[in-house]
Amino acid sequence: METVRIALPRPRRRSLHLGLAVVTVTLGLIALFVLPGAYAHSTSSGRTATTVLAGIWLPTAFYVLNRAAGTTTLTPEGMRLRTAVSRRLIPWRTVTRIEAERRTGRGGRCWYVVRAHLVKGRPVVLPGALSEHQQDEAFRAAVRTIDQYRARHAPPAGAPLTSPAGPRSA
């Protein structure tokens, strides 16, 4: 079976990058022009407000870049997860199941991600498999493809599932 790459479509990645650029420019303009004028006649400087803006912007920028750059590559050995800051191989023998999970933000907006449940440890959200609608055909196809790979390359029914680290020595 060939290698399959799952990632956000190029137009969706571009829109995430564009949204990040707009937010960055807006916050930069506020920090450069609005905050100095607002704090010109006070005893405190605009550094506190600028620090707060940076504290909001940095995690948001990291999240958007990590989501936009993330991919999951399916191989016979396992899933290769790639984000902007990490690389990881999850062997098929360590995956117990694949599921689509609904997530909800503070404003009530929801989106769907794909999670791989591992033998040991918490579930792992797969980068590149993200949708705003569960009925999105590309998203559903990605979930089916990942599950088919897992079923095809998982150990036989009687074989024990193992963690990649193996037994630890005391």
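The values are calculated or read from the model by the stated rules, or taken from the named source; none is laboratory data. Source: prediction; values computed, not measured. Positions of Cβ are backbone-derived with ideal geometry, glycine not excepted, and every protein chain shown enters the neighbour counts. To get the accessible areas, we keep the full protein, side chains included, count just its heavy atoms, and leave off ligands, DNA and RNA. Shrake-Rupley method; radii C 1.70, N 1.55, O 1.52, S 1.80 Å.
Descriptive notes on the structure:
- Per principal axis, descending, Cα span of the range 71-147 in whole Å: 37, 24, 24
- Charge tally for Leu16 (other residues, Cβ to Cβ under 13 Å; Lys, Arg +1; Asp, Glu -1): +4.
- Normalised by the number of residues in the range 103-148, the average gap of Cα pairs under 8 Å and 6 or more apart makes the relative contact order 29 percent.
- Compactness of the range 1-123 as Cα Rg over 2.2 N^0.38 Å, two decimals: 1.47
- Listed residues Ile30, Ile90, Ile56 arranged by accessible area, highest first, probe 1.4 Å: Ile56, Ile30, Ile90
- Rounded to whole Hz, the Karplus (6.51, -1.76, 1.60) HN-Hα couplings of the range 48-59, x for glycine and proline: 5, 5, 5, 5, 5, 4, 5, x, 7, 5, 4, x
- Cα extents for the range 66-106 along the principal axes, largest to smallest and rounded to whole angstrom: 37, 24, 12.
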